[in-house]
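In what follows, a structure is listed as structure tokens, so that the remarks can point back to it.
Where a number appears in this text, it was derived from the coordinates with a stated rule and is not lab data. Note that the coordinates shown come from a computational prediction; the quantities given were computed from them, not determined experimentally. Cβ sites come from the backbone with ideal geometry, for glycine too, and all protein chains shown count toward neighbours.
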Amino acid sequence: GPGRLPAAVGEEGPVEGGPPDHSYSLSSGTTSEELLRKLNEQRDIIALLEVKMKEMKGSIRRLRLAEAQLREEIREKDRLLHAASAGTRKRHGL
């Protein structure tokens, strides 16, 4: 009837008289208003997830920069240690 959506091909409906299989499942009597409300809820969730994803991408970018800086510091310290070690060996005739 009007305001109802057909079930997806191969989709199993809820057990007769039982609760829907999933929180996003719809009963056969779902109205247009309920569908619109559920759609808007899903859009809100997607918008929040997109914001979180952008925040995580920013965090990953900052972590990669920090990692590159730390690796460069380690390389510099390794060079200094190697140079100091080579200088010590020369002074002691090794």
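Numbers at a glance
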| item | result |
| --- | --- |
| For the range 30-93, size of Cβ-based charge dipole, Lys and Arg +1, Asp and Glu -1, in debye | 760 |
| Positive minus negative residues near Leu63 (Lys, Arg vs Asp, Glu; Cβ under 14 Å) | +3 |
| Signed unit charges on C-beta, dipole axis of the range 30-93, positive-most listed residue Leu70, Gly87, Leu49 | Gly87 |
| Thr30-Glu50 FRET efficiency (beta carbon distance; Förster radius 35 Å; 0.05 resolution) | 0.85 |
